[in-house]
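Q: Here it is: the structure, laid out below.
A short reminder: the numbers here are calculations on the coordinates, not readings from a lab. Only a predicted model underlies this, so the values are computations on that prediction, with no experimental measurement involved. Don't worry about glycine lacking a Cβ; one is built from the backbone with ideal geometry, like all the others, and counts go over all protein chains shown.
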């Protein structure tokens, strides 16, 4: 598995090669090995919109909230980010209603699109390999795109079952407590910087950023005016705030420290796992 992951990273990590920022080409043998291990995939066309939604609905019936919550927590101490991603994808998928696509190429309701079908310079650079790279490297990036959620949850079901520990719960509580150290008008970027600076657990800026996005998608970091997807699916165009400097995911991209933590959503998402924090509240 580790060798295959290194091959995946090699395919997409950018290096400075003779003054040019690019990735190192894979050999046919490397690509074949990573595919055999289920870390990389051959090119395939995007699944149709209606079938994508149907499969997402089926997947959310096979996975429980407790499973994705425990997997997310487990990822904090282990830094196995493939376990982290599913929490955001699950709660986004759960919120998507049955609907017709708003166009043939892109649905502005669930953010399904066919742009993945565009040709790539190398087969191993295909979209699904890129998605898996983001999943392993950052804990996912595109949780609120229907086809990523489908891919992510399908891959989650293939992972060995895990159980988080008390240490993981303590890490999560320390992350949440950072909210109370901010000034009321601080945005999520300030929260990310504070968490990173405290060195609560082994991580980096990009990984913490994804955690903030996932907590927003779940509704733990939301605002009264901009609720999570469980309350309403928002048109893709309406998800972003007016300032161009904020490219966090909806709804945490609207969040301020004064909005605090939605403990009702936290209890729904994490169940009994974070009772110590909820009881303090």
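Q: Is segment 137-219 rounded, prolate or oblate when judged by the Cα gyration tensor, a ≥ b ≥ c being the square roots of its eigenvalues, rounded requiring a/c under 1.5 and prolate requiring a/b larger than b/c?
A: Verdict is oblate for segment 137-219.
Q: I need the calculated FRET efficiency for the pair residue 36 and residue 80, taking r as the beta carbon distance and R₀ as 22 Å, to the nearest 0.05.
A: E between residue 36 and residue 80, to the nearest 0.05, is 0.60.
Q: Just rank 91, 254, fewest to most, by other beta-carbon atoms within 10 angstrom.
A: The order, fewest Cβ neighbours first, is 254, 91.
Q: For the chain, what is the calculated [θ] at 222 nm in deg cm²/dmol (nearest 500), taking -39500 (n - 2.57) for each run of four or more DSSP H residues and dividing by its residue count?
A: Result for the chain: -14000 deg cm²/dmol, rounded to the nearest 500.
Q: Could you give the angle, 0 to 90 degrees to the nearest 10, between helix 205-218's Cα long axis and the longest principal axis of the Cα atoms of the chain?
A: 70 degrees
Q: In which sequence would 135, 106 go, from the one with the fewest C-beta neighbours within 10 Å to the one with the most?
A: Neighbour counts put them in this order, fewest first: 106, 135.
Q: Another one. For the Cα atoms of the chain, what angle does the longest principal axis make with the long axis of helix 86-95, in degrees from 0 to 90, nearest 10?
A: In the chain, helix 86-95 runs at an angle near 80 degrees to the longest axis.
Q: Still on this structure: Using the Cα gyration tensor of segment 1-149, with a ≥ b ≥ c the square roots of its eigenvalues, what is the shape: rounded (a/c below 1.5), prolate (a/b larger than b/c) or oblate (neither)?
A: The shape class here is oblate.
Q: Relative to the longest principal axis of the C-alpha atoms of the chain, give the angle of the C-alpha long axis of helix 146-156, reported between 0 and 90° and rounded to the nearest 10°.
A: Helix 146-156 and the main axis of the chain meet at about 90 degrees.
Q: Using r as the Cβ-Cβ distance of residue 278 and residue 122, and R0 as 35 Å, what FRET efficiency do you calculate, to the nearest 0.05?
A: The pair residue 278/residue 122 has a calculated efficiency of 0.10.
Q: Specify which labelled value, from (i) 1.28; (ii) 1.24; (iii) 1.00, agrees with Cα Rg over 2.2 N^0.38 Å derived from the coordinates of the model shown.
A: Entry (iii).
Q: With no solvent and one point on each alpha carbon, what is the Debye value of log10 I(q)/I(0) for segment 166-280 at q = 0.14, 0.19 Å⁻¹?
A: Summing over Cα pairs of segment 166-280 leads to -0.55, -1.02.
Q: Roughly what would the spin-label model give for residue 163 and residue 264, points 7 Å off Cα along C-beta, in nm?
A: 3.3 nm
Q: Something else now. Using 19 Å as the cut-off for backbone N distance, which residues of segment 193-223 belong to the label zone defined by a point 7 Å from the Cα of residue 231 along Cα→Cβ?
A: 212-223
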